[in-house]
Amino acid sequence: MDARPFRRPVVSPAMDLVELEQRARTLLAPTAYDYIAGGADDERTLADNAAAWGRVRLRPRVLRDVALVDSSTTVLGTPVSLPVLVAPMAYHRLVHDEGEEATAAGTAAAGTVLVASTLATTSLEDVAAAAPGSPQWFQLYVHRDRGFTAELVARAGQAGYRALVLTVDLPVLGYRPRDERNRFTLPEGMVMANVGRSTEATDGSAIALYAAGELDPSLTPADVGWLRGLTTLPVLVKGVLRADDARTCVDEGAAGIVVSNHGGRQLDSAVAGADALPEVVDAVAGRAEVLVDGGVRRGTDVVKALAMGARAVLLGRPVLWALATGGADGVTALLGGMREEVVRAMALCGCPTVADVGPDLLSFPPGRP
Ligand SMILES: Cc1cc2nc3c(=O)[nH]c(=O)nc-3n(C[C@H](O)[C@H](O)[C@H](O)COP(=O)(O)O)c2cc1C
């Protein structure tokens, strides 16, 4: 077990995530910054994602001997140094020349899992090769072309990915005003490497055009079963916000549920991950592992998620800011900083191990079930 002495709190510069984002912004094309930072419609859900974690209060335990604190755990059997994984995000080359390869190397060095996106600007084989021997998961968008989708699944298995993350909250792309205004498209020469082509310029968002043309809006619960039939890898379903949907996915054989509103980029006014998590945990009742994302920015947010019953969280945008400013090392430093924060929050909550984090730590606001 990787128990290690609790060190005195140190806020490394990388953990000032506001400053990190500002630094990244100065390095990026405004259209790339907007694509990453933005959300759907009025960005209500985007704002609420972080705010929802802030509404949760903790009831720390004292006198629990936290001389040694261990933040390591497992997700679907894979050991990780902290309960924080890197969320699937498209187009890492927009922010750094080494793109997903740098993210993969940086994430592996921090001892956790990168979920590689179908829409990566590096092929899934090259992402895997950038962190040999390190566990990675592959995020799947089901394309209208089911043959192509099945090929992606086979390639992910051959390349050594340990799990598939089926994203189901994108039957159509959410309306993203910034990208429409900017006519966002991939820069000349940059391709969606798994798909083997770039986006096509249009008078609005090129991604909206891609999603409408290529992604399958007709998915039903039976497609979770279809996917399971294609692979021996465990399947997680990402983008679930309700108890009934979570139950259905588990009934179809999902090994994990990712509670997510896609970082506020899909349905604006969708409930925040932190608010949806308790009902999903309840519904799943231990039959699958539950992960959550959206607005996780502090070690205390991670502890809150675990206390609510999540196995781990996914971290999105801050990873791209870290990649933009520092490449692979930037990603490692960000995750290391996050680990420091998780360890500190655990110590202050009286929890020497992740297994000690429980629901008694939570103090929900008045009126909350
Ligand atoms: C730039 C960007 C690209 C994304 N691309 C994908 C994707 O390809 N597949 C997917 O399932 N989710 C995608 N997401 C959603 C993330 O996986 C995740 O749900 C979200 O970013 C978490 O919220 P956070 O950014 O507040 O941490 C993307 C998010 C961002 C910011």
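None of the figures in this text is laboratory data; all of them are computed from the coordinates on show. Not measured: the values here are computed from a predicted model. All Cβ positions, even for glycine, are placed from backbone atoms using ideal geometry, and neighbour counts span all protein chains on display.
Amide H to amide H, which residues 5 or more places from residue 69 or on other chains are under 5 Å from it, using H placed in the peptide plane? Answer set, sorted by chain and number: 4, 6.
Shown is the FRET efficiency for residue 22 and residue 42, computed with R0 = 22 Å from the Cβ-Cβ distance and rounded to the nearest 0.05: 0.45. Using every pair of separate Cα atoms, the Kirkwood estimate puts the hydrodynamic radius of the range 149-260 at 15.7 angstrom. Taking amide H positions as modeled 1.01 Å from N, with prolines and chain starts lacking one, the residues under 5 Å from residue 113 and 5 or more places away or on another chain are 86. Counted over all Cα-Cα pairs of the chain, pairs farther apart than 30 Å make up 33 percent. Once you reduce the range 70-146 and the range 301-344 to the center of their Cα atoms, the two points are 13 Å from each other. From a point 7 Å beyond the Cα of residue 125 in the direction of its Cβ, which residues of the range 184-214 have a backbone N at a distance under 14 Å? Counting backbone N atoms under 14 Å from the label point, the list is 193-196. Helix screen, the chain: no DSSP H segment has Cα axial length of 30 Å or more and mean Kyte-Doolittle hydropathy at least 1.6. Report the antiparallel proportion of the DSSP beta bridges in the chain as a percent, rounded to a multiple of 5. That works out to approximately 25 percent antiparallel. Peptides 334-347, 28-41, 201-214, 103-116 ranked from most to least packed, by the mean per-residue count of other Cβ atoms within 10 Å: 103-116, 334-347, 28-41, 201-214. Residue order for 184, 148, 364, fewest other beta carbons within 10 angstrom first, comes to 364, 148, 184.
Look at 71, 117, 198 and count the other Cβ atoms within 10 Å of each Cβ; fewest to most, that gives 198, 117, 71. As a length-normalised measure over Cα pairs under 8 Å and 6 or more apart, the relative contact order of the chain settles at 27 percent. The string of couplings for the range 182-194 from the Karplus curve (6.51, -1.76, 1.60, θ = phi - 60°) is 7, 6, 4, 8, 5, x, 2, x, 9, 10, 7, 5, 6 Hz, one whole number per residue in order, with x for Gly and Pro.
For a quick check: with amide H placed at 1.01 Å from N, whose amide H comes under 5 Å from residue 136's, ignoring anything fewer than 5 positions away on the same chain? Here the answer is 162, since their amide H atoms fall under 5 Å of that of residue 136. For residue 126, neighbours were defined as the other residues whose beta-carbon sits under 10 Å from its Cβ, and their charges (Lys and Arg +1, Asp and Glu -1) total -3. Per-residue ellipticity at 222 nm computed for the chain from its helices equals -12500 deg cm²/dmol, with DSSP H segments shorter than 4 residues left out and the rest contributing -39,500 (n - 2.57).
Cα centroid separation, the range 239-297 to the range 21-49: 23 Å. One chain, two ends: residue 201 and residue 74. Fully extended at 0.36 nm per residue, the span grows by 41.5 nm beyond their Cα-Cα distance. Rg over Rh for the range 269-362 works out to 1.00, using Cα positions for both radii and the Kirkwood form for Rh.
Per residue, the convex hull spanned by the alpha carbons of the range 183-340 comes to 154 Å³. Taken one residue at a time, the phi angles of the range 38-43 give Karplus couplings (6.51, -1.76, 1.60, θ = phi - 60°) of x, x, 8, 6, 8, 6 Hz. Gly and Pro are set to x. Summing +1 for each Lys or Arg and -1 for each Asp or Glu among the other residues whose beta-carbon sits under 10 angstrom from that of residue 105 gives -4.
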